[in-house]
Structure formats: structure tokens, C-alpha cells
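Just below is one structure, and these are the notes that go with it.
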């Protein structure tokens, strides 16, 4: 970790490439084992200097809704935050409105003159050494999830704020990347537990590959896709390839970076299967020597780095709509509502988004279930998932 000189002549830590590689490796471990998010906060605070860090949020699809994770804050104050002051957080509204992936300072969330007038500041922020200085970033915000990571520092360390902002700008894309891989991994586990097929929005393939393209780990979805041969294939030497030349070239570039300990190799690419169906491939580096232990049962303490690969096949809305209309005779409105139910929206959310009454949505859901031959909404979700899987081949 390098240092720069901040206001007051104090050294302000800044991230060097080695530290970025270490932190991103922990992030991708967190994508596979959610307990690593606490490890990430600990190392992030240590790297950033006098910054206390926190992460909170939820993901309905993956059932990831941790208690607020933190490092550096007084546990007694965090207990009162959970019990009372979290509901009074004067920065919350401003941060919730911030663009996803764009770090903002505490002062940008709420001007200090307004903050000073709140009980949140006088009873919770000020007694901790006046931790009003800081910044945070919204990592995800949609109908089924919301995640925020932030950090605060005592006023005597206010000169650390610029460095903390730079750190968030560097790491925010990687944090969002890790959350997306985690959604593929844990959503896949949830659907596998229910016996569902591989479907977009319902998990996907997770693999760990070494620099020689040898697969060290593959989940059941990855094994199924490799067996089908539409997305993945093995050559005569047992090396893994994407069927899509562009995706395979991106894979080779990332694998080449594994030999360079200073390369993060994080990347996102669009891919197609042999029939032209689209999907998203995400890749990141896993280094057991930087983690101490490693998820997926990979050998701990190995000097061999791994490339984490997540593939989520996708079905176009047009293809799904056409199949629902042709096979089940559903109307345009019934299809739209059924797909929204399958994607996890509630009846209230559907009514608001479509600007119709709850009664109308309920009628359309009932009509859609009747045409799909199911008696409950969970049956509708499974029917849409099955159809998406069949479209993918």
C-alpha cells in the first residue's frame, strides 16, 4: 500500500495495484461465500486508513439479507443504530437517491447545516468523535435488491475523505461485479434446491479455472451446459473453451493475466451460444495466498491462482413473449404480468409499474395461471422458468 501526504502533513493511504488485486480477490471470494464480505470490510478499512466501513442491504432472489456488517465502529453504537438510530439516519434519503455505482460524500447526501440540527447527528454521530465526514456508494438498487457500502471517519481525520472517495471509485465496479456473480451463484443454489432447470434469472454456470484452462470447480449448471455443448466445450486435451469466439478470446486474455500477480482480470463480456442466444459472462481472480482459505473446496494455500467464471444465459423478451402467445394463447397483458411475477415483482409493484389497478393485475394473473395450467403463483414462476430453459435448448 502506498501513501500520500494529506492535509496537516499526515500520511493518507492510497491503493496500489497489489492492494487492489488483494481486495478484489476477497470480493470474488465473497461472491461465493458471503462470510467474506466481513473480511473485505476489515481489509478495506485497514487499507483506507482511519475509515470505519459498513455494508447493508438485501437481495430477495438470493436470500442474502445480512445484519449490517461493519468494521471500526464501536459495537455499542452499532447496537443503538440497529435498535433506533438507523431509522433516523439523516444521510439515508440522499444516499438512496444517488446514482448506482457513483460514490457520494456525506455532505452531498445532506448539507452539514441541516445535519447539525438532527438528533441523529447530536446523539449518534457527534459522540463517536464527530464521524460526519465520509462517503458511500449504492451498489445495487432494483425491485428485488438494494446494497450500500460506506465509510466514516472522525473529524480529526477529515483529510482522509478524498482518498476514501478515490478508493470507492476504484472498487465500486468490482463490488458490483462481485454482487452480480453472487447472484448467479446463490440464485443457482436456490433453484437447484427446488429441482429447477438452468434458467436466466435463476442461477447459471460457476467455474474456477487455472491458467491452463483446466477446470478445478464446476457447479451442476456448468456441468449441464458443458454437456449440452451449446455454450461450453472441451478440447482433446480437456481444456475448457467458450463456443463463442469473442467470449473465448476474452477468457484467454483473462487467463493470461493470471500469471501476472498485479492483474485483477475482472471483466464482463456478452456471449452467444451456438444458436445465437445471448448471455453474460463475468470473470474475476481468486488467489488463495491472499485469502488464507478459498471457497468451493479449492486447495487452500496454493500458489496457483484461479479464474472465477460466471455465465448466465439469457432469453430475449421477444422470444419468450412469442412462445407464451403461441403455446398458451396468452394475451400481451397476461404475458407482461406473468413475466413480472416470474421476475419476483409483487402484485402491488406490478400495478404501480403498469399504472393499473390491483384488481386488474389479479385478474390477469388468474387468467395467466389458468392458461398455463397452474393453480398458484409459484406454479406460474416455475412454468416461465421451464419455458425459458426450453427456449435455451
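The values are calculated or read from the model by the stated rules, or taken from the named source; none is laboratory data. Since the structure is predicted, the reported quantities are computational estimates derived from the model, not experimental observations. For neighbour counting, all protein chains shown are included, and Cβ atoms are generated from backbone atoms with ideal geometry for every residue, glycine included.
Values as computed for the structure displayed
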{"quantity": "Among the candidates 213, 233, residue that is assigned by TED's automatic domain parsing to the domain that holds residue 303, over 15 Å from residue 277 (Cβ atoms), buried (at least 18 other Cβ atoms within 10 Å of the Cβ) and modelled with pLDDT of 90 or more", "calculated": "213"}
{"quantity": "Some residue of region 113-130 being under 19 Å from the mean Cα position of the chain (by Cα) and not in a loop (DSSP other than H, G, I, E, B)", "calculated": "no"}
{"quantity": "Subset of region 47-81 [assigned to a loop (DSSP other than H, G, I, E, B), buried (at least 18 other Cβ atoms within 10 Å of the Cβ) and at positive phi]", "calculated": "49, 72"}
{"quantity": "Residue count for region 254-268, restricted to those that are at pLDDT 85 or above and surrounded by fewer than 19 Cβ atoms within 10 Å (Cβ to Cβ)", "calculated": "3"}
{"quantity": "Among the candidates 27, 41, residue that is modelled with pLDDT of 95 or more, part of a helix (DSSP H, G or I) and either closer than 22 Å to residue 107 by Cα or not assigned by TED's automatic domain parsing to the domain that holds residue 207 (or both)", "calculated": "41"}
{"quantity": "Residue tally, condition under 15 Å from residue 332 (Cβ atoms) and over 32 Å from the mean Cα position of the chain (by Cα), over region 365-384", "calculated": "2"}
{"quantity": "Check on residue 150, on the phi > 0 side of the Ramachandran plot and either outside any helix (DSSP H, G or I) or at pLDDT below 95 (or both)", "calculated": "no"}
{"quantity": "Qualifying residue in region 82-98 (condition: in contact (Cβ under 8 Å) with a residue 60 or more places away in the chain, in a loop (DSSP other than H, G, I, E, B) and either under 30 Å from residue 205 (Cα atoms) or not assigned by TED's automatic domain parsing to the domain that holds residue 207 (or both))", "calculated": "no"}
{"quantity": "Residue tally, condition modelled with pLDDT of 85 or more and in contact with a strand residue (DSSP E or B) (Cβ under 7 Å, 6 or more places away or on another chain), over region 274-286", "calculated": "8"}
{"quantity": "Any hit, region 113-126, residues being touching a helix residue (DSSP H, G or I) at 6+ places or on another chain (Cβ under 9 Å), surrounded by fewer than 19 Cβ atoms within 10 Å (Cβ to Cβ) and closer than 28 Å to residue 35 by Cα", "calculated": "no"}
{"quantity": "Selection from region 283-306 of residues that are closer than 30 Å to residue 390 by Cα and crowded, with 23+ Cβ neighbours inside 10 Å", "calculated": "283, 284"}
{"quantity": "Selected residue (only one of 169, 183, 97 is surrounded by fewer than 16 Cβ atoms within 10 Å (Cβ to Cβ) and at pLDDT below 90)", "calculated": "97"}
